[in-house]
Structure formats: structure tokens, C-alpha cells
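Inspection log for the structure reproduced underneath, given as C-alpha cells.
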Amino acid sequence: YKLATYKVMPALLMIIATLLWGASLLFSKLALQDIHTIAFLFFRFSIATISMLPGLVLYKGAFKRCAMIQGVKLGLLQVGIMFLQTLGLKTISPSLSGFLTGFSIVFVLGIRFIARRRIPSFVDIISSLTCLAGLALLTYSYGLSWEPGVLYTLGCALFVALHTYALDDYLLTSNITVLTFIQMLTLAVTAGLLSFLPGNSIQLPIQAVTWGSIIFCGIFCSSLAFLLQARSQRPLGAFKVSMFLMLEPVFATILSYWVLGEALYTRFYIGAAMILGSIAIINLRLKSI
């Protein structure tokens, strides 16, 4: 029973996190129709930071210099993820962006090999390739042209891998809640500073639906989702978490079908089955990698 709980609970928490991130794409789209991107990010992560304040009373002693530095580093990696992904979306489609971001799983294996000299196992390689093939079907991304947007988004995937791998190391020495709080605060402060650049501004939203989207993304898709990822990653490890991240476009597509009435094609079901199958196979092994 304890063995089953050890394996199932982290996976369940990670699935919930990816579901929330998938939902954030829809809510972000609603909010961005009313306000500037920088304003949305500022309000989203400010609310995420504020929402964590009550719980931090229990972790006063955990605010050590090391943990705060690590939290800032994680936050800056997140800034890189969002900045490069936004630049990429100027010239490529969201579906292609989702596919290219999925290459983070390959980068995680590469970083692990460089840092720890651990050669990926046959199962790791096959599972990764199957996930990417499933993601290609899911996002209808079969051909690539080497344009700036592709390179920016591959850079985003590298930052995703670096964030996942860095979190894996920091969880060994620092408190999960403190790391998440400093990360949210770093994102909010960075968005605030970027608002002073030409062409950026922070204007108050007018519509109630915009505030609803911001609050949902701030509390559930930011502070809660990143807490869930951190708690899941301790037993799962960076590689397994990077595979679970592939579920984000799956959930985003399903939610678009339910909420926006977008069509689902046969390739979606095949691609989703390939991703879910790969995740199931890799999680049959208890060992965290």
C-alpha cells in the first residue's frame, strides 16, 4: 500500500498541475484581449505572491539566504521561458510552439548526461521519442522551417529543462514553499520592471472576466501549480516530471473542445494515447531519475 501511494500520489499531483497549466492558456487568452502582456504577467504573479503570504507564517525559519538565492534563480529561468516563448509566438503557431517546447525532455536528458555523466537508458530514449511523436500528432507539427520563432522556442525549451533540472537540485536543500514564493515574487518584480520599457505599460483591467482570469491564473495556475510540481518532483525526479509536462497541450486541447467547441481529430486521440502510454511506462519504474 505504501509503495503504491509513493508512486501514485506524486503522479496525481503532477497531472493536476499540468491540467491547471493547460487551463491557464484559455484564461490567459481571455485576459490578453483586454490588457497588455506585461500587465497581465505583473498582476498574475503579484496575486500569486500575495496568495502565498498567509501560509509563509509557518516557514519563517526557512527563509535562509541560500533558499532565497535559489528562488530568484528559478524565477529568472521562468522569465527566460516566458520571454523566449512570447518572441517565438510572433512568427510561429501556438501548436508548433507547444511541440517545440516539448523538446525540453531531450534537453533534460542532455543536461543530466553533462552534469552527472549518466547515459540515458533505452527506455528513457524510446519513451522520449514516443512522447515527441505523440506531441507532433497532437499539435499537427510535422515539418519545421528554421525561422527565428523556431529558434526562440527551442531556447524556451532549454530554459524549461534548466528550470526543471535546477529545481531537482534545490529541493534537496531548500523549503518547497519558500522556493515557490521567491520564484513568484521574482516574476512579479521582473514584470513590473519591464513595464517601464518603451511600448509596455500596466493598466488596470476594466472587465470582470479579465480580473477573474488573472485571479484564477495567479492563485491556481501559478502558486498552487508550481507548489504541486515541486512536491511531485522530489519523488519523481526531473526526467519523469518533464514527461508529465507533455500533458499540458493535451489538457489545453481538451478544454478548448469543451469550452470553445474546437474540433478534435483522430490524430489527437492517437497522439494523446502515445504520450499517456509513455508516461505510464516510465512511471512503472520506482527509481527517480
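Only helices reaching 20 angstrom along their own axis (Cα) with mean Kyte-Doolittle hydropathy no lower than 0.0 count here, and for the DSSP H runs of the chain these are 2-32, 37-52, 65-88, 122-139, 148-170, 176-194, 266-282. Using only alpha-carbon positions in the stretch 144-187, the gyration tensor eigenvalues give semi-axes of 29, 12, 5 Å once each is multiplied by 5 and square-rooted (largest first). The value of relative contact order for the chain, using C-alpha pairs under 8 Å at least six residues apart, is 41 percent. Per residue, the chain exposes 48 Å² of accessible surface when a 1.4 Å probe is rolled over the protein heavy atoms with every protein chain present. Taking every alpha-carbon pair in the stretch 152-218 and binning the separations at 5 Å intervals from zero gives 3, 12, 12, 18, 21, 17, 10, 5, 1 percent. For the stretch 17-82, the Kirkwood hydrodynamic radius from C-alpha pairs, put into Stokes-Einstein at 37 °C and a viscosity of 0.692 mPa s, yields a diffusion coefficient of 234 µm² per second. Mean residue ellipticity at 222 nm, helices only, the chain: -24500 deg cm²/dmol; runs of at least 4 DSSP H residues each add -39,500 (n - 2.57), and the sum is divided by the number of residues. Once Rg and the Kirkwood radius are both taken over the C-alpha atoms of the stretch 168-284, their ratio Rg/Rh works out to 1.05. Against the compact-protein benchmark of 2.2 N^0.38 Å, the Cα-based radius of gyration of the stretch 106-211 scales to 1.47. Rg/Rh for the chain (Cα atoms only, Rh after Kirkwood) is 0.95.
In the elastic network of the chain, a GNM with C-alpha springs shorter than 10 Å, the most mobile of Leu255, Leu32, Leu172 is Leu172.
Over the chain, with a Gaussian network built from C-alpha contacts below 10 Å, which listed residue (Leu135, Leu247, Leu171) shows the highest mean-square fluctuation? Taking springs between Cα atoms under 10 Å, the residue moving most is Leu171. Accessible surface of the stretch 145-289, 1.4 Å probe: 71 percent of it comes from carbon and sulfur atoms. Pairs of Lys residues in the chain are counted when their Cα atoms are under 23 angstrom apart and they lie 8 or more places apart or on different chains; the count is 9. Sites listed here are trypsin sites (Lys or Arg not before Pro) in the stretch 106-139 whose DSSP assignment is loop and whose Cβ has at most 14 other Cβ atoms within 10 Å: Arg117, Arg118.
The values are calculated or read from the model by the stated rules, or taken from the named source; none is laboratory data. What you are looking at is a predicted structure, and each value in this text was computed from that prediction instead of being measured. Cβ: placed from backbone, ideal geometry, glycine included. Neighbour counts: every protein chain shown. All accessible areas refer to the heavy atoms of the entire protein, side chains included, with ligands and DNA or RNA removed. Shrake-Rupley method; radii C 1.70, N 1.55, O 1.52, S 1.80 Å.
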